[in-house]
């Protein structure tokens, strides 16, 4: 089976083009090939599928085999792959499980996309849309802004945003010293998040610059999270911590995120093709059983 390894700011996935390949058990495949010691290594797999509604369709599975709904970094990489191979123009759209998002090649060189801008649409802030069982003191349908939750006797203050997938954003100092393997799972799987949640830990550097670490549901800590960066900008605006356009520093690079007057979130960042190859699925299965 042929594959492509691509990443957006370090958020790396194994991409498989369904125009030429057939995947029968994507959940199992994701767990096998995502393993960084016994497989190819990645935060999951992303299948590039044809679409009747857009330039292409994204089907993503996290490293634990669970299906994801949205991946901003993945959308950028699919746009690059389709553009580089002459299957879409500079402006197009990608179909996702969360809906259709617009994409635009923001920077190219010699016919290859380097940076891609994604129109991630409007954030969803009502608790039932995220979803979360948390209740705002201002009313049933009001946004969850700086609300406390407790994990292992420690209280965290979260602002909840959906960008097609659930995010809980925590503003704090000292994010570099966090033991993510300890704090991440408890927050991701907290009972107030019935579909689990991506957790963003954020330091405010200035009104136009933030720093972010992400614990991604189903994958653990990732080098970047595009939808998470979008959620962070929205949450920071809800808490009046930044302006409508910011650069967000992630462990794998920098994303530019903007909030338009119509409250649509635009994300611009790199999309990088690392290598391509092929693997023998039966051999990988055999290696795991040994």
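The values are calculated or read from the model by the stated rules, or taken from the named source; none is laboratory data. Since we're looking at a predicted model, the values are computed, not measured. Ideal geometry is used to build each Cβ from the backbone, glycine not excepted, and the neighbour counts take in all protein chains shown.
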inquiry  = Would you confirm, using the coordinates I've provided, whether residue 133 is within 28 Å of residue 63 (Cβ to Cβ) and out of contact with any strand residue (DSSP E or B) (no Cβ under 9 Å at 6 or more places or on another chain)?
reply    = yes
note = Going through (1) modelled with pLDDT of 95 or more; (2) in contact with a strand residue (DSSP E or B) (Cβ under 6 Å, 6 or more places away or on another chain) one by one, residue 19 fails only at (2)
message = Yes or no: the stretch 207-229 includes at least one residue that is touching a helix residue (DSSP H, G or I) at 6+ places or on another chain (Cβ under 6 Å), surrounded by fewer than 23 Cβ atoms within 10 Å (Cβ to Cβ) and part of a strand (DSSP E or B).
response = yes
query = In the set 239, 287, which member is more than 18 Å from residue 73 (Cα to Cα), at pLDDT 95 or above and out of contact with any helix residue (DSSP H, G or I) (no Cβ under 8 Å at 6 or more places or on another chain)?
reply = 239
Residues located in the stretch 241-271, provided they are outside any strand (DSSP E or B) and in contact with a strand residue (DSSP E or B) (Cβ under 8 Å, 6 or more places away or on another chain) = 241, 242, 244, 251, 252, 260, 264, 271
ask   = What pairs can you find where one residue is in the stretch 137-151 and in contact (Cβ under 8 Å) with a residue 60 or more places away in the chain, the other is surrounded by fewer than 19 Cβ atoms within 10 Å (Cβ to Cβ) and in a strand (DSSP E or B), and their Cβ atoms are less than 8 Å apart, with a gap of 6+ or different chains?
value = 143/136; 145/136; 146/157
ask   = Checking residue 38 against (1) touching a strand residue (DSSP E or B) at 6+ places or on another chain (Cβ under 8 Å); (2) in a loop (DSSP other than H, G, I, E, B); (3) over 22 Å from residue 272 (Cα atoms), which test does it fail?
value = (1)
request  = Can you work out which of the residues in the stretch 54-92 that are touching a helix residue (DSSP H, G or I) at 6+ places or on another chain (Cβ under 6 Å) and in a helix (DSSP H, G or I) is nearest to residue 165 (Cα to Cα)?
outcome  = 72
key: Count of residues meeting criterion [part of a loop (DSSP other than H, G, I, E, B) and over 19 Å from the mean Cα position of the chain (by Cα)] in the stretch 1-35   = 9
